[in-house]
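S.K.: Dropping the structure in here first, questions after.
The values are calculated or read from the model by the stated rules, or taken from the named source; none is laboratory data. All of these numbers come straight from a predicted model, not from anything done at the bench. Counting neighbours? That spans all protein chains shown, and the Cβs are built from the backbone with ideal geometry, glycine included. Surface accessibility is based on the protein's heavy atoms, side chains included, excluding ligands, DNA and RNA. Shrake-Rupley method; radii C 1.70, N 1.55, O 1.52, S 1.80 Å.
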Amino acid sequence: MIRINEHYLKLKASYLFSDIAKRISTYEKANPESSIIKLGIGDVTEPLPEACREAFHKAVDEMGTREGFHGYGPEQGYVFLREAIAGNDFQVRGADISADEIFVSDGAKCDSGNFQEIFGDDIKIAVPDPVYPVYVDTNVMAGRTGENVNDRYDGFVYLESTPENGYVPLIPKKKVDLIYLCFPNNPTGATATREQLTAWVDYAKECGALILFDAAYVGFVRDESLPQSIYEIEGAKDVAVEFRSFSKNGGFTGTRCAYTVVPKGLKAVDASGNEHSVHALWNRRHCTKFNGVSYPVQKAAEALFSDAGKAEVKALTDFYLDNAKIVRSAIEALGFPCVGGDNSPYVWINVERPSWDFFDTLLNEAGVVCTPGAGFGTCGEGHIRISAFNSRENVVKAMERIKAALSKSGSLADA
Ligand SMILES: *Cc1c(COP(=O)(O)O)cnc(C)c1O
C-alpha cells in the first residue's frame, strides 16, 4: 500500500475548536432555553462593502462579454491591483515597495503556510508562543521538527509572549534562519513599536535570517506612532517578507484575496554558499502551484482602495474596534489585566488560572464562548481571547452577562 508522509503523524491533533464545540453542545443540552453568544471566532461578521460589491458585479458582467472576458490571468495578480496595493499600502507611508514585488493570492493563511517550502529542511526556525498554528504545523509537515513533547516540538525556537515582556517576544540568544512574527498579533492583539521591530530587523541582519511578517490585522492600527508595515523599518527590505490580507479589513474571509510582498533584493544561499533571489524562487513556486485569483475578486479588492472603499473599510474596522473597546473596558473593570483591543480586534485577558476553567465559567455561568489561550501554545495558558467580531448587541449583552455572572458567583474571589 502507498506510504504516508510520516511527519503528519507528529502533528498534535488540534482539539481546540472541537473541544469548544463539545462543551457548547453539552451546555445547550442542559440549558435548552439558553442563547449562547460566541465571542470565540476569528471570522468577520459584517457584510461586504458596497464599493466591492459594485466592482464585483461589474466585473462578472464584463466576463459575460467577448471583449471583457478574462481567462487565465497573471499568476502574480493583475497590474491594476498590484499597483493599487503598492501605492496605497506602502508608498504613501514611505515604504519603497513596487508593484512587481507583490504577489496577489487567495489567502495569507496559504502564503504564510507555503512560504517555508522554498527553504532548506535543516534550517533553524523561531515561532511565536502563543501562535497562529499555521506557522508551526506547516513546518512540522515539512519534516523540520522532532516529536511533540508537552505541547512543544523539538527543533523550534519558541518566542515567548508573556505578561513580563508585554506580549512582545524578546530577541533570541541563539542564531536562527527563519523568524515568524505577527503584529497586531493573533491571538494576543499586542502590537510592536518601531523600536521593537527595528531590533528584530537588526537581529535578522546580524544573523542572516529572514523574517516572515504577518500583518493580516494592520487595518486595525490606529496609533500613528506604530509602524504599519515592516518596510517602514530601515533595512527591512533586505530581511523581510510581509503577508497581508483583505480578509479582516475588507470582510473578504469568504471572498478570498490577499497578497505577499517579496522584495527583489532578498537573498538566500545554497549549500555551496551561492546566493539566490528569494523573489525568483517564490515566483517559480507561485507560478507552478497557483493559478491566480479570479478577475472579479481582484476587481472587488481593487475597489477597497477607491475613496468610497477606503471610507467603508475605515467604518468596518472602526465598528469592530468599538466592540473591542467595550470588551476591554468591561473586562478591565472586573479586575483582569488585558492587552489588545485598541489596535486589534482581539482582547487577550490574563485570567490567572487555567484557561479551560475560565472558559467553562464563562460558558456555564454567562452563556458566553471565548477561546482558551492554552489552545494557542504553552504561553497561552492562564489567558483567554475574546474576539470583537460580532454584532454590537451581542457584544454589549455578553459583557453584561459576564459582569453579572462573575460578581454573583464569587468566581473572582476564588481566583
Ligand atoms: C485571519 C488571519 C490571516 C488571514 O488569512 P486569510 O487566509 O487571508 O483569510 C492571516 N494571519 C493571521 C494570523 C490571521 O489571523
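S.K.: Please go through segment 230-247 and give me each residue that is surrounded by fewer than 18 Cβ atoms within 10 Å (Cβ to Cβ) and either touching a residue at least 40 places away in the same chain (Cβ under 8 Å) or within 16 Å of the ligand (Cβ to nearest atom) (or both), ordered by number.
M.R.: Of everything in segment 230-247, just one residue is surrounded by fewer than 18 Cβ atoms within 10 Å (Cβ to Cβ) and either touching a residue at least 40 places away in the same chain (Cβ under 8 Å) or within 16 Å of the ligand (Cβ to nearest atom) (or both), namely Glu232.
S.K.: If only one of Tyr180, Tyr158 is in contact (Cβ under 8 Å) with a residue 12 or more places away in the chain, crowded, with 21+ Cβ neighbours inside 10 Å and outside any loop (DSSP other than H, G, I, E, B), which one is it?
M.R.: Tyr180
S.K.: Let me ask you something else. Grab the helices (runs of 4 or more DSSP H) fully contained in segment 36-123, keeping just those with 1 or more residues being in contact with a His (Cβ under 8 Å, 6 or more places away or on another chain).
M.R.: Qualifying helices (runs of 4 or more DSSP H): 50-63.
S.K.: Please verify whether Thr193 is closer than 21 Å to Phe115 by Cα, of a type outside the set (Asp, Glu), more than 16 Å from the ligand (Cβ to nearest atom) and surrounded by fewer than 17 Cβ atoms within 10 Å (Cβ to Cβ), treating the condition exactly as stated.
M.R.: no
S.K.: Within segment 90-118, take every residue that is within 16 Å of the ligand (Cβ to nearest atom) and of a type in the set (A, V, I, L, M, F, W, C) and give me the one that is farthest from Phe80 (Cα to Cα).
M.R.: Phe115
S.K.: Considering only residues that are out of contact with any Gly (no Cβ under 9 Å at 6 or more places or on another chain), within 14 Å of the ligand (Cβ to nearest atom) and not in a strand (DSSP E or B), which ones fall in segment 254-265?
M.R.: Matches in segment 254-265: Gly254, Thr255.
S.K.: Looking at Gly219 and the list (1) assigned to a loop (DSSP other than H, G, I, E, B); (2) over 15 Å from Ile125 (Cβ atoms); (3) touching a residue at least 12 places away in the same chain (Cβ under 8 Å); (4) open to solvent by 10 Å² or more (accessible area, probe 1.4 Å), which single condition is not satisfied?
M.R.: Going through the list (1) assigned to a loop (DSSP other than H, G, I, E, B); (2) over 15 Å from Ile125 (Cβ atoms); (3) touching a residue at least 12 places away in the same chain (Cβ under 8 Å); (4) open to solvent by 10 Å² or more (accessible area, probe 1.4 Å), Gly219 breaks only (1).
S.K.: Just to be sure before I move on: is Val127 assigned to a loop (DSSP other than H, G, I, E, B) and within 16 Å of the ligand (Cβ to nearest atom) in the structure I sent?
M.R.: No: the conditions fail for Val127.
S.K.: Quick check on this structure: which one of Pro187, Pro227, Pro172, Pro163 is more than 16 Å from the ligand (Cβ to nearest atom), buried (at least 18 other Cβ atoms within 10 Å of the Cβ) and not in a strand (DSSP E or B)?
M.R.: Pro227
S.K.: Given the conditions (1) within 16 Å of the ligand (Cβ to nearest atom); (2) assigned to a helix (DSSP H, G or I); (3) surrounded by fewer than 20 Cβ atoms within 10 Å (Cβ to Cβ), report the number of the one that Cys287 does not fulfil.
M.R.: Of everything listed in (1) within 16 Å of the ligand (Cβ to nearest atom); (2) assigned to a helix (DSSP H, G or I); (3) surrounded by fewer than 20 Cβ atoms within 10 Å (Cβ to Cβ), Cys287 misses just condition (1).
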